[in-house]
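**Student:** Right, I'll just put the structure down here and ask away after.
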Amino acid sequence: MPTWVVCVKQTVDTEAPQIPLRDGHLDEARVQFRLGEWEAAAISLAVTLKETHGGEVVAVAVGPPRVNEALRRSLALGADRAYHVVADSAPLADPILAAEALAGLLQGALSGAFDLVLTGEQAEDDLASVVPFWLAGRLGLPCVWNVQRWVGLANGQAEMWREREGGVAERVRVPLPAVVAVASGVAPPRYAPFKAVREAKTKPLATIPLPDLCAAPKAVWQEVAVFEPSSERDTTFLQGSPAEVAEALAGILREQLGGQP
Amino acid sequence: MRALWVVAEPQDMADPSSLQERLTAARDLAGRLGTEVVVVGGEGIVAEGADRLLMLEGGVESETLVALAQERGPQALLLPHTMWGLEAGITLAQGLGAALVTACLYFDGFGHDLRVVRNVCMGKLAQAVALPDDRPWVMCLLPGAFPPLEGANPPQAVERAAGVNPAASLVEVLEQSRPEASTQDIRQAKVLVALGRGVGGLDFIEQWAQPLAERLGGALAASRPAIDAGWLPHDRLVGVSGATVRPRVYLALGISGASQHVAGMGGSRCIIAVNRDPRAPIFRYAHYGVVGDAREIA
């Protein structure tokens, strides 16, 4: 029976109206968190694989107690069970901390018995893209990054389209198990009806303290500050009613394009 | 003197602009640390702006890089934040026990007080990090974060080193498809009307954006979410995985301004951004900004 593992991160909701800061760092008590868009896409793909090939979907995450919510959400979206490695890691901390913990979980609690490890191609908060490659290196597995479309699975090999810089798309084949990091458009978003949310509360979710898995990994670099970047340009903001703004924009376009409308 | 390695990726041979960006970053960083700049690359690499060139016979490959770096002990290695750069960078960081910083934007401070500034939270925030002195640093720089280095001198010394034959990759490439030359090449357009997630929907494009682009003698372009949603074909994508454009006017409607997008349009002569979110990163690059809904102004 295949096991589809999905590494999820409970990310800062970067579309929230505010990402509050305090004393030059994220104000974690006031930040809104969510199951990230890339993570939700990875869960959606894993559930599709389960629907096609059978098996079970296992969601895994690292972080403080609040991370439980992202795992319950993953269960509501169709994962069968979940593991939460409890560790005191900040949302923007050196990602090797989480990557080492996940490697410990996959080799330890899951004893290497999985067919595919799915991750997002990046997390919307730290944007690091470290976890998939780090896991692949630690576990000695191939890694396919920025997967835009899943093609299929046959004879222990998976086929998919990935995208490189410059818009070059590649259809690749990889033996399983493998680490696959997906783009947010890899699978359509799924919705969790009320019934699924209720059922998710009874699905198995194991919590494992980090020290039970591996010698606590340490962050190598340290955050000094988080801040709003300064503007690259002296931006002129146009004010007024929509009609006035439209008029002003037409004027700018005329000026820039040399007399055209 | 310790060295700062600028690692060339195989595709830098065909298009050196990304390597030139890393060389600008390297000259900046070398000044802050008092190091020399060494380009490490395969046969035929152009390394103007480097103090020395280390040419690897057989090409650049992660295992070779790890062995060479272990032997020579560079203080820092600069790679691109691309598929190749991330994979090589992480192999290097694991092999060397190095600090690893990705999505790097710029440097700040000097010597022991050096800070590396990273892109976080979809470009709405930046994070400054401090690196430890007791190990090398591997840094992956975002494309477009630094301007390309131009008019620099060739390296004073060129050294050759033997590479090893890389192990066959387990990822087998079956087919490659390059973006097709479209009927309307967005790189040639003097005006681009670019659409993002925030303008939602084909009706907006058909009723308003397309006629506007035609009236201005320009073309439609898009950021990633608008392509993923199927509103426009892939050949309209601007950014790291699409086209790099420099039109006279870039009208960004409902585009938040993630670094991957800005890398493809930051050089436009006049950038006009319309977005509901006053904190959208696109406003930091815009000459003119409108906080509001593009549909209302239409």
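The values are calculated or read from the model by the stated rules, or taken from the named source; none is laboratory data. Keep in mind it's a predicted model, so treat the numbers as computed, not measured. Positions of Cβ are backbone-derived with ideal geometry, glycine not excepted, and every protein chain shown enters the neighbour counts. These area figures cover heavy atoms from the full protein model, side chains too; ligands, DNA and RNA do not enter into them. Shrake-Rupley method; radii C 1.70, N 1.55, O 1.52, S 1.80 Å.
**Student:** Name the single residue, out of those in the range B:90-104 being at the interface with chain A (Cβ under 8 Å from one of its Cβ atoms) and within 17 Å of B:Ala25 (Cα to Cα), that is farthest from the chain's Cα centre (by Cα).
**Tutor:** B:Leu100
**Student:** Scan the range B:161-178 and give yes if some residue there is touching a Ser or Thr at 6+ places or on another chain (Cβ under 7 Å), modelled with pLDDT under 85, outside any strand (DSSP E or B) and surrounded by 11 or more Cβ atoms within 10 Å (Cβ to Cβ), otherwise no. Step through it out loud before you land on a result.
**Tutor:** Taking the range B:161-178 and keeping what is touching a Ser or Thr at 6+ places or on another chain (Cβ under 7 Å), we get B:163-164.
Filter once more, keeping what is modelled with pLDDT under 85: B:163-164.
Those still in the list that are outside any strand (DSSP E or B) too: B:163-164.
Going one step further and asking which of them are surrounded by 11 or more Cβ atoms within 10 Å (Cβ to Cβ), we end up with B:163-164.
Yes.
**Student:** Also, quick follow-up: Go through the range B:68-80 and give me each residue that's open to solvent by 20 Å² or more (accessible area, probe 1.4 Å) and in contact (Cβ under 8 Å) with a residue 24 or more places away in the chain. Don't jump to the end; show me each part of the working.
**Tutor:** At the first step, the residues of the range B:68-80 found to be open to solvent by 20 Å² or more (accessible area, probe 1.4 Å) are B:70-73, B:75.
Passing the criteria: B:Gln70, B:Arg72, B:Gly73, B:Gln75.
**Student:** Given the residues B:Leu33, B:Leu65, which is the only one that is among the hydrophobic types (A, V, I, L, M, F, W, C) and free of Cβ contacts under 8 Å to residues at least 60 places away in the same chain?
**Tutor:** On the way: B:Leu33 fails: free of Cβ contacts under 8 Å to residues at least 60 places away in the same chain.
Only one candidate passes the filter, namely B:Leu65.
**Student:** Exactly one of (1) under 30 Å from A:Ala169 (Cα atoms); (2) more than 7 Å from chain A (Cβ to nearest Cβ); (3) touching an Asp or Glu at 6+ places or on another chain (Cβ under 8 Å) is unmet by B:Val240. Its number?
**Tutor:** (2)
**Student:** Can you pull out every residue in the range A:120-156 that is outside any strand (DSSP E or B), of a type outside the set (A, V, I, L, M) and touching a Gly at 6+ places or on another chain (Cβ under 7 Å)? Even if it seems obvious, please write down each step before you answer.
**Tutor:** Of the residues in the range A:120-156, the ones outside any strand (DSSP E or B) are A:121-142, A:155-156.
This time we only want the ones that are of a type outside the set (A, V, I, L, M), so: A:121-122, A:124-126, A:129, A:132-134, A:137-138, A:140, A:142, A:155-156.
Of everything in the range A:120-156, just one residue is outside any strand (DSSP E or B), of a type outside the set (A, V, I, L, M) and touching a Gly at 6+ places or on another chain (Cβ under 7 Å), namely A:Glu124.
**Student:** Looking at the range A:3-20 only, could you name the residues that are β-branched (Val, Ile, Thr), in contact with a helix residue (DSSP H, G or I) (Cβ under 9 Å, 6 or more places away or on another chain) and away from chain B (no Cβ under 14 Å)? Even if it seems obvious, please write down each step before you answer.
**Tutor:** Within the range A:3-20, the subset β-branched (Val, Ile, Thr) is A:3, A:5-6, A:8, A:11-12, A:14, A:19.
Adding the requirement that they be in contact with a helix residue (DSSP H, G or I) (Cβ under 9 Å, 6 or more places away or on another chain) leaves A:5-6, A:8, A:11-12, A:14, A:19.
Listed by number, the residues that qualify are A:Val5, A:Val6, A:Val8.
**Student:** Please return the ranges of strands (runs of 3 or more DSSP E) entirely within the range B:1-73 where 2 or more residues are at pLDDT below 95 and under 18 Å from B:Ala161 (Cβ atoms). Working first, answer last.
**Tutor:** Numbers: elements: B:3-7, B:36-42, B:52-57.
Counting at least 2 such residues, we get B:36-42, B:52-57.
**Student:** When only residues in the range B:106-121 that are out of contact with any helix residue (DSSP H, G or I) (no Cβ under 7 Å at 6 or more places or on another chain) and open to solvent by 40 Å² or more (accessible area, probe 1.4 Å) count, which is farthest from A:Leu21 (Cα to Cα)?
**Tutor:** B:His112
**Student:** Can I ask one more? Could you check how many residues of the range A:32-57 are open to solvent by less than 30 Å² (accessible area, probe 1.4 Å), in contact (Cβ under 8 Å) with a residue 60 or more places away in the chain and more than 17 Å from A:Leu127 (Cα to Cα)?
**Tutor:** Here the count works out to 7.
**Student:** Could you tell me which of the residues A:Glu255, A:Glu232, A:Glu159, A:Glu170 is surrounded by 13 or more Cβ atoms within 10 Å (Cβ to Cβ) and either at pLDDT below 90 or not in a strand (DSSP E or B) (or both)? Talk me through it step by step, then tell me what you get.
**Tutor:** Working: A:Glu255 fails: surrounded by 13 or more Cβ atoms within 10 Å (Cβ to Cβ); A:Glu159 fails: either at pLDDT below 90 or not in a strand (DSSP E or B) (or both); A:Glu170 fails: either at pLDDT below 90 or not in a strand (DSSP E or B) (or both).
Being surrounded by 13 or more Cβ atoms within 10 Å (Cβ to Cβ) and either at pLDDT below 90 or not in a strand (DSSP E or B) (or both) holds for just one of A:Glu255, A:Glu232, A:Glu159, A:Glu170, which is A:Glu232.
**Student:** I would also like to ask the following. Do we have B:Arg248 as under 22 Å from B:Ala145 (Cα atoms), without any contact (Cβ under 8 Å) to a residue 24 or more places away in the chain and open to solvent by 50 Å² or more (accessible area, probe 1.4 Å) here? Let's see the steps before the verdict.
**Tutor:** Values: under 22 Å from B:Ala145 (Cα atoms): yes; without any contact (Cβ under 8 Å) to a residue 24 or more places away in the chain: no; open to solvent by 50 Å² or more (accessible area, probe 1.4 Å): yes.
Judged against the criteria, B:Arg248 is not a match.
**Student:** So, one more: I'd like the full set of residues that are farther than 30 Å from B:Ala99 by Cα and not in a loop (DSSP other than H, G, I, E, B), limited to the range A:180-229. It would help to see each step written out before you state the result.
**Tutor:** Going through the range A:180-229, the residues farther than 30 Å from B:Ala99 by Cα turn out to be A:185-206.
Residues satisfying the conditions are A:Phe194, A:Lys195, A:Ala196, A:Val197, A:Arg198, A:Glu199, A:Ala200, A:Leu205, A:Ala206.
**Student:** Something else about it: Given the criteria surrounded by 15 or more Cβ atoms within 10 Å (Cβ to Cβ) and within 10 Å of another protein chain (Cβ to nearest Cβ), does A:Ala248 qualify?
**Tutor:** Working: surrounded by 15 or more Cβ atoms within 10 Å (Cβ to Cβ): yes; within 10 Å of another protein chain (Cβ to nearest Cβ): yes.
Criteria met by A:Ala248.
For (1) over 30 Å from B:Gly85 (Cβ atoms); (2) open to solvent by less than 10 Å² (accessible area, probe 1.4 Å), each residue gets a yes or a no:
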{"site": "B:Val191", "(1), (2)": "yes, yes"}
{"site": "B:Trp208", "(1), (2)": "yes, no"}
{"site": "B:Arg215", "(1), (2)": "yes, no"}
{"site": "B:Thr244", "(1), (2)": "no, no"}
{"site": "B:Gln260", "(1), (2)": "no, no"}
{"site": "B:Ala263", "(1), (2)": "no, no"}
{"site": "B:Cys270", "(1), (2)": "yes, yes"}
{"site": "B:His287", "(1), (2)": "yes, no"}
{"site": "B:Asp293", "(1), (2)": "yes, no"}
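**Student:** Can you tell me which residue among A:Ala79, A:Ala109, A:Ala99 is open to solvent by 10 Å² or more (accessible area, probe 1.4 Å) and either assigned to a loop (DSSP other than H, G, I, E, B) or within 21 Å of B:Leu79 (Cβ to Cβ) (or both)?
**Tutor:** On the way: A:Ala79 fails: open to solvent by 10 Å² or more (accessible area, probe 1.4 Å); A:Ala99 fails: open to solvent by 10 Å² or more (accessible area, probe 1.4 Å).
After ruling out the rest, the residue left standing is A:Ala109.
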